[in-house]
Every structure is written in structure tokens, then in C-alpha cells.
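I have placed the structure first, in the form of C-alpha cells, so that the comments after it can refer back to it.
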Amino acid sequence: MTTPAPEHEQRPVHLAGRSILLVLAGGTAGTAAREALSLAIPAVGGIPVAIFAINIVGALFLGALLEGLSRRGPDVGRRRSLRLLLGTGFAGGFTTYSALAVDTGLLLTDGHAAAGIGYALATVAVGALTTVAGIALAAARHRKQAAR
């Protein structure tokens with residue numbers, strides 16, 4: 001039976017094999033979900049609404065997840081595993097600011113400057129607001145559970 005290495009000798013979390021596998025698994029699922037939705041939902045008036053919706057839903061999810069986990073205690077054990085799998089992995093693969101940048105660039109270069117600028121600004125602004133909403137929802141849920 002081996003004993004674990006002292007804490008000062010352990011690999012950093014981002015280099016630990018288990019952490020990498022959790023992020024890989026979550027990222028694979030998140031990327032697959034994003035691709036499925038982006039293929040299923042057509043653009044509306046040239047605006048890629050699927051990518052907009054994906055980023056907004058991902059921001060809400062990530063805000064709620066991280067607030068919920070942080071209210072349950074320190075980032076260790078199961079909470080850290082959930083953060084890596086669902087936050088870094090799934091939400092990181094699901095949301096896509098690179099597609100936002102490409103779609104914005106295409107709108108701008110195709111002569112739809114107002115739509116491109118509006119799309120980019122709306123995604124970032126609404127994403128920030130939904131992140132705050134996710135945090136507020138998780139905080140309210142925590143308070144409700146603590147009152148029981």
C-alpha cells in the first residue's frame with residue numbers, strides 16, 4: 001500500500017491526470033452538445049442565433065454552477081471534480097467565443113456592420129447579465145435550503 005505524497009510534493013491540479021481526464025470528458029460532451037445545437041438551429045436573418053443562445057445558456061449554467069459549488073465549501077474533492085468536469089470541461093466546450101468572433105467577422109465583412117457589432121455586444125452584455133442571474137439563482141437556492 002502506498003501513501004499519498006505530502007501536499008507540497010503533489011502535482012498541481014491542472015497537471016494531475018485525473019483532472020485532465022475530467023476536463024477532457026466534460027469538454028467532449030460540451031463540444032458535442034454545442035455542435036448538435038448549432039447544426040439544428042438555423043441562422044435568423046443572417047444572425048447565428050444558435051451560437052448566441054449557446055453562449056447565453058452556458059453563461060447562466062456556469063454562473064449557477066460555480067456559485068452553487070462555492071457555497072457548499074472549498075474547492076476540493078467532489079466539488080473540484082464537478083467544477084472541472086462541468087465548469088471547465090462541459091461549459092468550456094459548450095460555449096464558444098471563437099465562433100462568436102468568426103460570426104461577428106463574417107457579418108462585418110459581408111457588409112452587415114450594424115448586425116455584427118450588435119451581435120457581438122449583445123452576446124457579451126447578455127452573457128454577463130445571465131452569469132449574474134445564474135449566481136443569483138444559485139445563491140437564492142442555497143438560502144432557501146439553509147432556511148429549512
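For segment 14-39 versus segment 95-148, the inter-centroid distance based on Cα atoms is 20 Å.
When the alpha carbon gyration tensor of segment 62-148 is reduced to an equivalent ellipsoid, its three semi-axes come out at 34, 16, 6 angstrom, largest first. Of the DSSP H helices in the chain, those that are both long (alpha-carbon extent of 24 Å or more along the helix axis) and hydrophobic (Kyte-Doolittle mean at least -0.5) are 17-40, 49-71, 113-147. At R0 = 35 Å, how high is the FRET efficiency between VAL13 and ALA114 if r is their beta carbon distance? Nearest 0.05 is fine. So, using R0 = 35 Å, E works out to roughly 0.20. With one equal scatterer per alpha carbon and no solvent term, the Debye-computed log10 I(q)/I(0) for segment 62-106 at 0.27 1/Å reads -0.89. Based on the convex hull around the alpha carbon atoms, segment 32-104 presents an average projected area of 5.0 nm².
Figure note: ILE56, ILE47, ILE41 ranked by solvent-accessible area, largest first, 1.4 Å probe, ligands and nucleic acids not counted: ILE41, ILE47, ILE56. Once both labels are positioned 7 Å from their Cα atoms along Cα-to-Cβ, the gap between LEU121 and LEU21 label points is 4.8 nm.
For segment 109-148, the fraction of C-alpha pairs more than 15 angstrom apart is 59%.
The residues of the chain present an accessible area of 62 Å² per residue when probed at 1.4 Å with all protein chains retained. Fully extending the segment from VAL49 to LEU106, taken as 0.36 nm per residue of separation minus the present Cα-Cα distance, adds 19.1 nm. In segment 1-136, one over the average inverse separation of all distinct C-alpha pairs is 16.5 Å, which is the Kirkwood hydrodynamic radius.
The values are calculated or read from the model by the stated rules, or taken from the named source; none is laboratory data. If you're wondering where the values come from, they're calculated on a predicted model, not measured in any experiment. Using ideal geometry, Cβ is built from the backbone for each residue, glycine included, and neighbour counts are taken over all protein chains shown. Just so you know, the surface numbers come from the protein's heavy atoms only, side chains and all, with ligands and any DNA or RNA stripped out. Shrake-Rupley method; radii C 1.70, N 1.55, O 1.52, S 1.80 Å.
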